[in-house]
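Structure first, then comments.
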Amino acid sequence: MTHARAHPNIALVKYWGKQTKPGNLPATPNLSITLDSLATDTVVTAHHQDEVWLNQEQVTDQKILRFLAELRCEFELAPIRIETSNNFPTGAGLASSASGFAALICAINQHADLGLDADLMSDWARRGSASAARSLFGGYVALVPPLWRAQPIAPASHWPLKAVVAITNETRKSISSSEGMERSRLTSDFYTPWLRGSGDDFAAAFDAINNKDFSALAEIAELSCLKMHSVMLTSLPTLSYWNPATLACMDAVRNLRKQGTAVFFTIDAGPQVKAVCEPQDANRVSDVLTQVPGVIRTLTCGLGNAAHIVEP
Ligand code: DP6
């Protein structure tokens, strides 16, 4: 039995859209922070057939089955039972596929003795779900060409920011990120400008992190998020992941900032709002977001560590 744990990450410069060649390669460079208190735990054991259990229920997960098939083109991998569980809502814009594939490749690597280092595990995790490549590492992480394996750019200790996650709906999203981004590539007039601007956005965020320049990071991260959502909204049919509470949280974050609190928001393919702030402001941000009508609860996370094996 092999047990691995990985944490979800949230992108500050977003990935939305894939290249057309194989390998599940993002069309744009992207950058994230790995979170600490949210986690996926995955246990892999030898079994007479492949089986996948998600949050204690047996499931048929096409993405995982395709991933196993791809792995078996390169490695000997006998049938396995995969038991994976998340301590946070699954498939609701909280990056469960990122922590999921990062934990899965980490567990399989150890179980089947594949001999992959973190770089190669990141490569494999990306093939499962591109954002998962980033969850192989802790702290601040970049996913960039030419290899599209994630690289740690700064440890959590460099700038220990906090993320307050406001949960506004715990149900699974109806359109997956993979499907949504393909729709955007094919139909949104904003898609090409989105691709064109991404290199500059990445460079600006990278510099802001190096210099620990909060207001520069806030500006670029909110802009990257809003550009991505503009691409989503202008896709045909439209991709609208927000609800009224999402918008109210965005306003609450802007108000906090007007009052002098260093905080910015980011939102992925779901209605949850992640507010990133300095540690001393996390309680205040959480108190304000908790009171926004429609917010079910908030979770406060620090920056987390890399995917790893949990020793029995
Ligand atoms: C909005 O990594 O879930 O969270 O590669 O198709 O599995 P696939 O997509 P996925 O997309 C994540 C998109 C995002 C932005 C981000 O995390 O960069």
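Report, in listed order, any pair from Lys18/Lys227; Lys227/Lys274; Lys21/Lys173; Lys21/Lys227 with a Cα-Cα distance greater than 18 Å.
The answer is Lys21/Lys173; Lys21/Lys227.
Let's see if you can work this out: charge +1 on each Lys and Arg Cβ, -1 on each Asp and Glu Cβ, no other charges. What is the dipole magnitude of the stretch 53-140 about its Cα centre, in debye to the nearest 20?
280 debye
For the pair Gln291 and Asp50, what calculated FRET efficiency results from E = 1/(1 + (r/R0)^6), where r is the Cβ-Cβ distance and R0 = 51 Å, to the nearest 0.05?
E between Asp50 and Gln291, to the nearest 0.05, is 0.65.
Kindly rank 194-200, 19-25, 295-301 from highest to lowest mean number of other beta carbons found within 10 Å of each residue.
295-301, 194-200, 19-25
Considering the chain as a Gaussian network with a 10 Å cut-off on Cα pairs, which listed residue, Ser235, Ser99, Ser215, attains the greatest mean-square fluctuation?
Taking springs between Cα atoms under 10 Å, the residue moving most is Ser215.
Between Gly115, Gly302, Gly139, where does the largest GNM mean-square fluctuation fall for the chain, given springs only between Cα atoms within less than 10 Å?
Gly115
Report the gain in length on full extension from Ile309 to Leu186: 0.36 nm times residue separation, minus Cα-Cα distance, nm rounded to one decimal.
Additional length available on full extension: 40.3 nm.
Contour minus end-to-end for Ile175 and Arg72, with contour as 0.36 nm per residue of separation and end-to-end as the Cα-Cα distance?
Between Ile175 and Arg72, full extension yields an extra 34.2 nm.
For a quick protection proxy, order the peptides 243-251, 51-59 by their average other-Cβ count within 10 Å, most packed first.
Going from most to least packed, we get 243-251, 51-59.
Under a Cβ-only charge scheme (Lys and Arg +1, Asp and Glu -1), can you give me the dipole magnitude of the chain about the Cα centre, in debye to the nearest 20?
Charge dipole of the chain: 700 debye, to the nearest 20.
Work out the FRET efficiency for Lys63 and Asp213 from their Cβ-Cβ distance, taking R0 = 35 Å, and round it to the nearest 0.05.
0.40
With r as the distance between the Cβ atoms of Asp251 and Leu147 and R0 = 51 Å, compute the FRET efficiency 1/(1 + (r/R0)^6) and round to 0.05.
Efficiency computed from Cβ-Cβ geometry: 0.80.
Rounded if a/c is under 1.5, else prolate if a/b beats b/c, else oblate: with a ≥ b ≥ c from the C-alpha gyration tensor eigenvalues square-rooted, which is the stretch 74-136?
Judged from the Cα gyration tensor, the stretch 74-136 comes out oblate (a/c at least 1.5, b/c at or above a/b).
Which order do the peptides 129-136, 207-214, 225-232 take when ranked by the mean count of other beta-carbon atoms within 10 Å per residue, highest first?
The packing order, highest mean first, is 129-136, 225-232, 207-214.
If the reach is capped at under 16 angstrom between alpha carbons, list the lysines near Lys212, excluding any in the same chain fewer than eight residues apart.
Of all the lysines, those that pass the test against Lys212 - Cα under 16 Å, at least 8 places apart if same chain - are Lys162.
Quote the charge dipole size of the stretch 134-201 about the Cα centre in Debye, to the nearest 20; the model charges only the Cβ of Lys and Arg (+1) and of Asp and Glu (-1).
180 debye
From the Cα gyration tensor of the stretch 1-86, with a ≥ b ≥ c the square roots of its eigenvalues, which class applies: rounded if a/c is under 1.5, or else prolate if a/b is larger than b/c, or else oblate?
oblate
From Cα coordinates alone, what are the radius of gyration and Dmax values for the stretch 206-312 in angstrom?
Considering the stretch 206-312 through its Cα atoms, Rg and Dmax are 15.4, 49 Å.
Over all pairs of distinct alpha carbons, what does the Kirkwood formula give as the hydrodynamic radius of the chain, in Å?
Kirkwood radius, the chain: 19.4 Å.
Stokes-Einstein at 37 °C, 0.692 mPa s, Kirkwood radius from Cα pairs: D for the stretch 52-109 in µm² s⁻¹?
270 µm²/s
Determine how many Å³ per residue the convex hull of the Cα atoms of the stretch 82-236 encloses.
So the per-residue Cα hull volume is 141 Å³.
A short reminder: the numbers here are calculations on the coordinates, not readings from a lab. Since we're looking at a predicted model, the values are computed, not measured. Counting neighbours? That spans all protein chains shown, and the Cβs are built from the backbone with ideal geometry, glycine included.
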